[in-house]
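Some notes on the structure that comes next.
The values are calculated or read from the model by the stated rules, or taken from the named source; none is laboratory data. As the structure is a prediction and not an experimental result, all values here were calculated from the model. Cβ coordinates were reconstructed from backbone atoms using ideal geometry, including for glycine residues, and neighbour counts include every protein chain displayed.
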Amino acid sequence: MRTVLGLSAYYHDAAAALLVDGRVVAAAQEERFSRIKHDAAFPAQAVAWCLKEAVLRVEDLDLVAYYEKPLLKLDRLLETYLATAPMSWRSFLRSMPLWLKKKAHIGRELARAVGPGYTRRFVFPEHHLAHASSAFLPSPFEEAAILTLDGVGEWATASVGHGKGSEVRLLEELRFPHSLGLLYSAFTVLAGFEVNDGEYKLMGLAPYGTPRFKDLILERLIDLKPDGSFRLDMQWFGYAGGLTTTTPRLHRLLGCAPRRADEPLTALHMDLAASIQAVTEEVMLRAARHALARTGLKRLCLAGGVALNCVGNGRILREAGVEDLWIQPAAGDAGGALGAALWTWHGLLGKPRVVEAGDAQRGSRLGPRFTSQEARAVLDAAGASYEHLPDEAARSAHIAALLEEGKVVGWFEGAMEYGPRALGGRSILADPRRPEMQSRVNQMVKFRESFRPFAPAVLAEKAEAWFGLGGQASPYMLLVAPVAQAQRLAPADPGQALTGLERLRARRSTIPAVTHVDCSARVQTVDRERSPRFHALLSAFEAKTGCPVLVNTSFNVKDEPIVATPQDAWRTYLATGIDVLVLEDCVVTAKPAGTQAPAAIARAKTRDVLEGAPEASTHAAPTARALAIFVATPLLVSAGLAALVRWRTGASVLPLVLLAVGALGSLGLLLAPGLRRPAHDRWMRVVLPVGRALTAVLLGLVYLVSVTPVGLLMRLVGRDPLARRLDRTAPTYWQARTRASDVEDAFRAS
């Protein structure tokens, strides 16, 4: 038995994925355990769960793979600071301390985090190689073109590749700062949403607007070639060397400064969203056509954060000329952990690949699962009243009847999903035929913006009658398709008290709660092989109503990760307007007396992965070594002061007093273990700000006397490592990949 652990960490969406003899046995994001959305910390709890699931220890791991080359990323940062000096000083002072302390010593940090039981080397595939591997190697294709698009990895922001058998080769790339992901993020900021979290909100907002800025963006902000390659005019953007994504110059051009969170969304924000969405779709479509032409293939695999733009994916499916399309369900950085592990197994170790009929990701249901006994134990401990319905047919019929009555159901069954989408394991379900469900679930359950659309889950065998997918399966909710013409134009019930938007939806579709304002929907096709219990529920709902579709949205509230455990599900049920909770084969239809819902959810910020109990503190405990040094600190400091006083004054009594005081302090900490941690915490509150201030001063001097003059000299001689100059006469901006891919390179972090 051979094992490979893949990791992503230290930026956003940290995750772990475990292969045993090449098979994916477990994968999960750290946020689901820590309860910190997009958690970037080392995925210690996700790793612990993966090992527990496979009944392994750290000592059993053959290789650990990290999803990028951190020192190559540092090279890009330093080149960027030189190219943008002196304007990049704030970004330099903000980022360098973390790099000097942790990221530049990635081997040491990973060894410490994984644990002393792992004594082998670490593998470092490039970021886009990890993305490309996550796209092709689990796919159902023997050979395919690969396209990756994201914000930025080390230098690459997009790549075209070729996958065949167990081999993944990157052929061409675009390089920072020219990034489709970062361009989209700039408009995310303008609309008032957060980078790396609000891009999908911008996509949902786009159909409400008119793309009146599209031509302006293409004329002034981006030089887009017919093959999908491009460069951005960096005078409009601040992310290369600054702390802001946009610039006042861009605000003046578009007539819009970034919206504050307390300001309303206006028609201008909707038009900006529609415009950048239209440009993004055009780039994706052209790049996909180029990937197919470059490889001479008709099958395409997608990954990278931009591949979560399911509207663009839908256009690729319909217009790029693909025969088949497969998109990594965890397309963002979380999926890099899986890609790193798969590339290590197939690319580095040379293991053969067996293509599976559907795909090798098992419905992306790769996270923790819980037994009926565990679910009942949680409900019993909470004093909940519930029905235990072990018969699946009876349970499905019962829940289908509740959905038909207009109940909102929290659905928790089987393994947790890997990736950002709820696929029927941790879902909130509702009747899509009721137009009021869209606003009700958004406002009373999810506590989020009312414009946000919901996805339909549909029986795979009935999908074509309801959505224009062209025969393509969409098991991972990554394709937007038009609602079928036969399901449109149903009259609204004049007796229903609907808002104007709800009434508009009701006029447009028989399933208004999942039909967006442009008559499209982000579709999940549910098949019996991947999701047998969810398929059984949809079948039962169709038997009752004639509709094989349900509203499916993630089981969480705004700013919370998707629930991972029965405890999470119970807490969310109590704190929201969810009517029914299904925990495995237990059905709760009434909340305990005195429950006030909806209410602010009680958040457990950290939790032990194996037990599910909140930790006492969210702060990392000092190590035994750190406490030992702290115990000796009073004596060492007093000895230094005593020596200084003796040298400067020649006194003999005062140095002895200082030594005695220091010795008593160290002795007290040694004899009173209970005082060490509180005293250490208070000491760190004092010294950390002082240390940060000294670090800022020193780094400021380095920037002033070194980075700035070197950067200005580079500019004087015409050197531009960021290649910011636009060449509108050039046929392409794609650059051929020249980096070697020998075995030793895989073990280098640079």
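Inside region 422-450, residues that are part of a loop (DSSP other than H, G, I, E, B) and small (G, A, S) make up a count of 4.
Each row is one residue, and each column tells you yes or no for (1) in a strand (DSSP E or B); (2) polar (S, T, N, Q); (3) in contact (Cβ under 8 Å) with a residue 60 or more places away in the chain; (4) buried (at least 21 other Cβ atoms within 10 Å of the Cβ).
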position: S133; (1), (2), (3), (4): no, yes, yes, yes
position: T157; (1), (2), (3), (4): yes, yes, no, yes
position: V160; (1), (2), (3), (4): yes, no, yes, yes
position: G181; (1), (2), (3), (4): no, no, yes, yes
position: F187; (1), (2), (3), (4): no, no, yes, yes
position: F193; (1), (2), (3), (4): no, no, no, yes
position: P226; (1), (2), (3), (4): no, no, yes, no
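When the test is whether a residue is surrounded by 22 or more Cβ atoms within 10 Å (Cβ to Cβ), in the same structural domain as P420 (by TED's automatic domain parsing), hydroxyl-bearing (S, T, Y) and more than 14 Å from A463 (Cα to Cα), T553 passes it. Residues in region 226-243 that are more than 13 Å from P177 (Cβ to Cβ) and either among the acidic types (D, E) or in contact with a strand residue (DSSP E or B) (Cβ under 9 Å, 6 or more places away or on another chain) (or both): 3 in all. When the test is whether a residue is among the charged types (D, E, K, R), surrounded by fewer than 21 Cβ atoms within 10 Å (Cβ to Cβ) and over 30 Å from S139 (Cα atoms), E464 does not pass it. Candidates in region 312-333 are the residues that are under 22 Å from the mean Cα position of the chain (by Cα), in contact (Cβ under 8 Å) with a residue 60 or more places away in the chain and part of a helix (DSSP H, G or I); of these, the one that is nearest to E154 (Cα to Cα) is D333. Considering each residue of region 334-347 in turn, none proves to be out of contact with any His (no Cβ under 8 Å at 6 or more places or on another chain), assigned to a loop (DSSP other than H, G, I, E, B) and either closer than 25 Å to D568 by Cβ or not aliphatic (A, V, I, L, M) (or both). For region 228-285, filtering for residues that are assigned to a loop (DSSP other than H, G, I, E, B) and in contact with a Gly (Cβ under 7 Å, 6 or more places away or on another chain) leaves 8. The one condition from (1) modelled with pLDDT under 95; (2) out of contact with any His (no Cβ under 9 Å at 6 or more places or on another chain) that L216 does not meet is (1).
Would you call R488 closer than 30 Å to L302 by Cβ, more than 30 Å from the chain's Cα centre (by Cα) and at pLDDT below 75? Working first, answer last.
Details: closer than 30 Å to L302 by Cβ: yes; more than 30 Å from the chain's Cα centre (by Cα): yes; at pLDDT below 75: yes.
Yes: the conditions hold for R488.
Restricting R648, R685, R677 to residues that are modelled with pLDDT under 85, loosely packed, with under 12 Cβ neighbours inside 10 Å, part of a helix (DSSP H, G or I) and within 46 Å of the chain's Cα centre (by Cα) narrows the list to R685.
The single residue among D585, D579 that is surrounded by 21 or more Cβ atoms within 10 Å (Cβ to Cβ) and at pLDDT 90 or above turns out to be D579. The single condition among (1) under 29 Å from E374 (Cα atoms); (2) crowded, with 24+ Cβ neighbours inside 10 Å; (3) in contact with a helix residue (DSSP H, G or I) (Cβ under 7 Å, 6 or more places away or on another chain) that S427 does not meet is (3).
When A463 is tested against (1) closer than 30 Å to D559 by Cβ; (2) part of a helix (DSSP H, G or I); (3) small (G, A, S); (4) touching a strand residue (DSSP E or B) at 6+ places or on another chain (Cβ under 7 Å), exactly one condition is not met: (1).
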